[in-house]
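Structure record follows, encoded as structure tokens.
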């Protein structure tokens, strides 16, 4: 008799969640990343019904793995390591869209003219500095 | 010598009273401590949670609230401050089914008015506002300390904003717990209350005090663990001492504060939230092992 369910945990469960969320075209990247973290943190194992639906792998669907705009804090990196450290972190993000998403999520103001990845990175560093200065002013 | 723990934040709605009550339960239930809760917030939420509306109303009629205590004893003539306390409050019992040793100095809606009256009373002795303010605060601080010999831990549930009573509590405290919600406005509120607790003028002066030498520690409360919240907590921890424990946004905790006289264990009271409370208790007790550990 064939199995009708399958228990998942560990790496296979993480892969299942990633593919499940990546296949949801209408799920914003930020929400997807947040949901993925929550599911991975709170669920140790699940039992899924078989057969599993065939989902296009993210690469086949033409989409990238979910970008997490909260993977690091620009304020924390800049405060601890300075502008060079923050630039190094931002250099790991190639897509201008992802850089814009990071700035929006972390409430870092960037000027309208910043379109290229390089300009966006510089604007994020500048905006983060202003944000830190603003907080200091509020507490003075 | 009692250990004085103030729970304070100038911002309202961050969970000062609920955290105060949870800690009172934890210290009494798991630590076996004799706990006194002093409700300095004129919203009186801690009192209502611990004793219910009817008993609190009776305490008001009988003149046994914190504003009565401050007013009657301001000149330090009343013989027995213990008359103002209500003992064995709350609905949590120990493993043997006995009420926990949690006493309460009930809150009062009149606390701000009484502090104004005390200021006027003191102003007859001096014309200098700063001198008068310091004297009122100093007298209230001494009144807060009068229960010291009879308890192991005194929890000072502070009001939002500033008042002589709040300042007296911050002065009297061995440790100040600053609950906050992980949002932008709370971040600014933590910065401000830290200046007040450490008596510093601005952030640069505050930074001169090493994190491990500060009298306060921050507690992220009602946390949903979203990416934005995690980042804000990390950012606050850059400048302020932070407990590793984060109190989760939890229905079990939120629903635990309805007045219910039915006796229950602390695990029954807080349900799924009891584990987080246990972590908070363990972490705080570890930080003051010589004073409040079980």
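Restricting attention to region B:76-90, the residues being touching a residue at least 60 places away in the same chain (Cβ under 8 Å), surrounded by 14 or more Cβ atoms within 10 Å (Cβ to Cβ) and more than 17 Å from the chain's Cα centre (by Cα) number 1.
There is at least one residue in region B:134-154 that is crowded, with 16+ Cβ neighbours inside 10 Å, closer than 10 Å to residue B:6 by Cα and at pLDDT 90 or above. Taking region B:91-201 and the helices (runs of 4 or more DSSP H) fully enclosed by it, the elements with 2 or more residues that are more than 30 Å from residue A:75 (Cβ to Cβ), more than 15 Å from the chain's Cα centre (by Cα) and touching a residue at least 40 places away in the same chain (Cβ under 8 Å) are at B:111-123, B:129-145.
Give region B:224-243 a look and list any residue that's in a helix (DSSP H, G or I), more than 7 Å from every other protein chain (Cβ to nearest Cβ) and more than 15 Å from residue B:193 (Cβ to Cβ), or say none.
Across region B:224-243, the qualifying residues are B:229, B:232, B:233, B:237.
Of all residues in region A:17-37, those being part of a helix (DSSP H, G or I), out of contact with any helix residue (DSSP H, G or I) (no Cβ under 8 Å at 6 or more places or on another chain) and either away from every other protein chain (no Cβ under 12 Å) or farther than 18 Å from residue B:223 by Cα (or both) number 2.
The values are calculated or read from the model by the stated rules, or taken from the named source; none is laboratory data. For clarity, every value in this text was computed on a predicted model and none was experimentally measured. Heads up, the Cβs are rebuilt from the backbone with ideal geometry, glycines too, and the neighbour counts pull from every protein chain shown.
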